[in-house]
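Everything below concerns the one structure shown next.
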Amino acid sequence: MGAFILRRMVGLVIVLFAISVLVFVIFNVIPGGDPALRLAGRHPTQENIRQIRKDWGFDRPLYVQYGDMMERLFIKRDLISYQDQTPVLPTIERGIPRTLALAVGAAVIWLVTGVLIGVLSAIHQGRFLDRILTVLALAGVSIPIFWLGAVLLYLLTFRYHSWAIFSWVPPGGYVPFATSPVGWAEHLILPWIVLAVVSIGFYARVVRASMLEVMNADYVRTARAKGLSARRVLTRHTLRTCLIPVVTLFGLDFGAAVGGTVILIEPIFGIEGVGQYAQESVAHLDLPPLMALTLYGAFFVVIANTIVDVAYVWLDPRTRIE
Amino acid sequence: MTVEAVAVPGGRGGFGLAWRRLRRNPAAVISAAILVAILLVCFPLAPLFVDLACHHGPNDQNIQGYIHQGGHRIPVVGLDGTPIGPGLRSCYMLGADANGRDLAVRILYGGRISLFVGITSALLCVFLALILGLVGGYRGGFVDSVIGRLLDLIWSFPVYLLAVALATTLAVGGLSVGPLHVSSTSLAIPIVVIAVVFVPYVARPIRGQVLTLRRMEFVEAAVATGAGPARIMLRELLPNIASITLVMLTLIVANNILVEAALSFLGVGVPVLTPSWGNIIEQGYSSIVTAPALTVAPGIAIMVTVVALNVLGDALRDALDPHARIRIR
């Protein structure tokens, strides 16, 4: 197990290095992606462009520029944005707790609800409840997530805000947990639900499929035959096995949510986390923050992948064969 | 246990059987009908609707215009800038936007772009994935590990961030490779970006399938008859992965329509002046309080299309999967 984890860690470093090179290539080498042209604005003179290239170091060899970028990102930590020359890293650091609060809460909701719906569907396979839940799950997967957020926000904070049950819904924004735990939760409930909806449908379908497979397995029949209660068979025998694929999925999806999907949710609700910073940088076509954020997102995804691999081997001893 | 025997009616191939199963699945028939209706309405019927009923195109502004309804003269855009809302009439059925453009017409024409981007990017994505999956899976060895690492690398990126990064750099300067120049406002940019980002999601299952097929007797037999690698890949392996590819194509179209909307919403998808479902939401969202239809209607169009595609993809998988527990009388 120790050797396995060590090997995964080495792989992790290699992948992260490759990703940072790729991100650098995307932003600096793609034809037409000359950053000096962008900095110079509209109708620049040749002299202007040459000066900017020199000032920002774009005239040096690419590997020097890459090294410089990494140094500024990790060691000097003084990367500044092209748009307004503000430092990038403090803004990201300010955003991370907000983004994590959003993603963790949503993850709890989608995990619990998704597994619950999947189990209910499988137990009632083919009957009315199963049909309804399947349709709902499918609808959830098919909604544009930012649209759902926008429409819900409109309905609950404007159209039906006067209804007593919705009058507490705040019009977006973020309150730190330390300031007011209740306000924190109130501001996050809607974003949590919106971010969770897509995954709930997906998890419900996965759990349902693997439940149906496991429910017919011999050891489940044995468990039932020796007289265990239905609940005990479900919790101890069936559910345990069919949660293994969920663990894999969960790691991947959580990484993807923290590292990417938040870009579509945070601007709608004004959470001002990492995702909103990314969205604003896109709007300004501002490269240094985008590059830092892409790396940040990729880090999350890759680390989540590694944790999943390790957890998978730990959960399912059969995969330990080398 | 149910008996999984499938009586093969004489003279029917796998696809014939699948077609029969599909026709007997009401969900598949309904979703296919919805999709055909959407395609018909967006492509051939949209200009007809414009010519016969409402006489203005998707980009025609009409800020100072009026419409007559029930003896009243209603401004298309009110003095306070609030556009007309939805109502039962031939023009401005779903209302107008702040520039007096007809929302219904824009959704029809936007559907063209969204469907076009979704379908072409899915085709491109599946095409690339087929090449990588077939070559990697069949050749194995060094080629396979290079392809595998490349796919892993793309896979490691958060989808939206990679798409946004690529689309942003391309949206600034366009792309010029040798004599080929793609303008920064070209539709090709979102299509290529979406296709590339999702290649690993399709290539991995295909490669897995090819890996198992490669060891089967019919491939060995083909090698024995002297068939070259290209022939084996195209004539022996490709037909065997056609069904899984078809299912994935349907699901990827659904997915890509959602991604197009998301990229357009972020401002790096379809160029702003071209209406697409994502762009219409993006432009309408700022006035959601005064004119909610501008946000709600295109979103519903996306949802209906994507649900139909997902249902059809699931039904296709059920119909094409030879191990599906379906009895045919």
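Inside the range A:1-113, counting only helices (runs of 4 or more DSSP H) that do not spill past its ends, which hold 3 or more residues that are among the small types (G, A, S) and modelled with pLDDT of 80 or more?
Helices (runs of 4 or more DSSP H) meeting the threshold: A:2-28.
Which number in (1) surrounded by fewer than 12 Cβ atoms within 10 Å (Cβ to Cβ); (2) within 18 Å of A:L295 (Cα to Cα) marks the one condition that A:D68 misses?
Every condition holds for A:D68 apart from (1).
Which one of B:A46, B:A32, B:A7 is small (G, A, S) and at pLDDT 85 or above?
On the way: B:A46 fails: at pLDDT 85 or above; B:A7 fails: at pLDDT 85 or above.
Only one candidate qualifies: B:A32.
The conditions are (1) within 14 Å of another protein chain (Cβ to nearest Cβ); (2) in contact with a helix residue (DSSP H, G or I) (Cβ under 7 Å, 6 or more places away or on another chain); (3) more than 23 Å from B:I281 (Cβ to Cβ), and A:R131 fails exactly one of them. Which is it?
Only one criterion is unmet by A:R131, namely (2).
Residue by residue through the range B:180-206, note down the ones that are touching a residue at least 12 places away in the same chain (Cβ under 8 Å), in contact with a strand residue (DSSP E or B) (Cβ under 9 Å, 6 or more places away or on another chain) and not in a strand (DSSP E or B). Quick ask: steps written out before the conclusion?
Here is the first cut: in the range B:180-206, the residues touching a residue at least 12 places away in the same chain (Cβ under 8 Å) are B:182, B:184-187, B:189-206.
Retained after the next criterion (residues that are in contact with a strand residue (DSSP E or B) (Cβ under 9 Å, 6 or more places away or on another chain)): B:182, B:184, B:186, B:189, B:192.
Those that are touching a residue at least 12 places away in the same chain (Cβ under 8 Å), in contact with a strand residue (DSSP E or B) (Cβ under 9 Å, 6 or more places away or on another chain) and not in a strand (DSSP E or B): B:S184, B:S186, B:I189, B:V192.
Looking at (1) touching a residue at least 40 places away in the same chain (Cβ under 8 Å); (2) in contact with a Gly (Cβ under 9 Å, 6 or more places away or on another chain), which is the only condition B:P158 fails?
The single condition B:P158 does not satisfy is (1).
Can you tell me which residue within the range A:224-252, out of those that are over 19 Å from A:M211 (Cβ atoms) and under 29 Å from the mean Cα position of the chain (by Cα), is surrounded by the most Cβ atoms within 10 Å (Cβ to Cβ)?
In this case the residue turns out to be A:G251.
Would you check if A:A196 is part of a helix (DSSP H, G or I) and at pLDDT below 85?
Numbers: part of a helix (DSSP H, G or I): yes; at pLDDT below 85: no.
In short, no.
Just wondering, is there one or more residues in the range B:93-114 that are more than 30 Å from B:P292 (Cα to Cα) and β-branched (V, I, T)?
Of the residues in the range B:93-114, the ones more than 30 Å from B:P292 (Cα to Cα) are none.
Looking through the range B:93-114, none of the residues is more than 30 Å from B:P292 (Cα to Cα) and β-branched (V, I, T).
Looking at the range B:39-46, is at least one residue in contact (Cβ under 8 Å) with a residue 24 or more places away in the chain, within 29 Å of the chain's Cα centre (by Cα) and not in a helix (DSSP H, G or I)?
Within the range B:39-46, one or more residues are in contact (Cβ under 8 Å) with a residue 24 or more places away in the chain, within 29 Å of the chain's Cα centre (by Cα) and not in a helix (DSSP H, G or I).
Looking at (1) over 30 Å from A:T294 (Cβ atoms); (2) within 14 Å of chain B (Cβ to nearest Cβ), can you tell me which one A:S142 breaks?
Evaluating A:S142 over (1) over 30 Å from A:T294 (Cβ atoms); (2) within 14 Å of chain B (Cβ to nearest Cβ) leaves (1) as the failure.
Out of the range A:274-286, which residues are of a type in the set (A, V, I, L, M, F, W, C) and within 8 Å of chain B (Cβ to nearest Cβ)? Working first, answer last.
Of all residues in the range A:274-286, those of a type in the set (A, V, I, L, M, F, W, C) come to A:274, A:278, A:282-283, A:285.
Matches in the range A:274-286: A:A278, A:V282, A:A283, A:L285.
Go through (1) surrounded by fewer than 17 Cβ atoms within 10 Å (Cβ to Cβ); (2) in contact (Cβ under 8 Å) with a residue 12 or more places away in the chain for A:R208 and report which single condition fails.
(1)
More than 9 Å from chain A (Cβ to nearest Cβ), more than 22 Å from A:H284 (Cα to Cα) and either of a type outside the set (F, W, Y) or touching a helix residue (DSSP H, G or I) at 6+ places or on another chain (Cβ under 7 Å) (or both): does that describe B:E220? Reasoning before the result, please.
Values: more than 9 Å from chain A (Cβ to nearest Cβ): yes; more than 22 Å from A:H284 (Cα to Cα): yes; either of a type outside the set (F, W, Y) or touching a helix residue (DSSP H, G or I) at 6+ places or on another chain (Cβ under 7 Å) (or both): yes.
For B:E220, the condition - more than 9 Å from chain A (Cβ to nearest Cβ), more than 22 Å from A:H284 (Cα to Cα) and either of a type outside the set (F, W, Y) or touching a helix residue (DSSP H, G or I) at 6+ places or on another chain (Cβ under 7 Å) (or both) - is met.
Return the residues of the range B:261-281 that are free of Cβ contacts under 8 Å to residues at least 40 places away in the same chain and within 9 Å of chain A (Cβ to nearest Cβ); say none if nothing qualifies.
Residues satisfying the conditions are B:F265, B:G267, B:I281.
Any residue at all in the range B:101-115 that's surrounded by fewer than 22 Cβ atoms within 10 Å (Cβ to Cβ) and among the basic types (K, R)?
yes
Within the range A:297-309, track down each residue that is more than 9 Å from every other protein chain (Cβ to nearest Cβ) and either of a type in the set (A, V, I, L, M, F, W, C) or more than 17 Å from A:F4 (Cβ to Cβ) (or both).
Initially, the range A:297-309 is screened for residues more than 9 Å from every other protein chain (Cβ to nearest Cβ), giving A:299, A:303-304, A:306-309.
Result: A:F299, A:I303, A:A304, A:I307, A:V308.
Please work out which one of (1) closer than 30 Å to A:E93 by Cα; (2) polar (S, T, N, Q); (3) more than 14 Å from every other protein chain (Cβ to nearest Cβ) is the condition A:T248 fails and give its number.
Of (1) closer than 30 Å to A:E93 by Cα; (2) polar (S, T, N, Q); (3) more than 14 Å from every other protein chain (Cβ to nearest Cβ), only one is false for A:T248: (3).
Given the options B:G141, B:G118, B:G136, name the one that is under 29 Å from A:F17 (Cα atoms) and buried (at least 23 other Cβ atoms within 10 Å of the Cβ). Walk me through it before giving the result.
Details: B:G141 fails: buried (at least 23 other Cβ atoms within 10 Å of the Cβ); B:G118 fails: under 29 Å from A:F17 (Cα atoms).
Being under 29 Å from A:F17 (Cα atoms) and buried (at least 23 other Cβ atoms within 10 Å of the Cβ) holds for just one of B:G141, B:G118, B:G136, which is B:G136.
The values are calculated or read from the model by the stated rules, or taken from the named source; none is laboratory data. Bear in mind that the values here come from a model prediction, so they are computed numbers and not experimental data. Cβ coordinates were reconstructed from backbone atoms using ideal geometry, including for glycine residues, and neighbour counts include every protein chain displayed.
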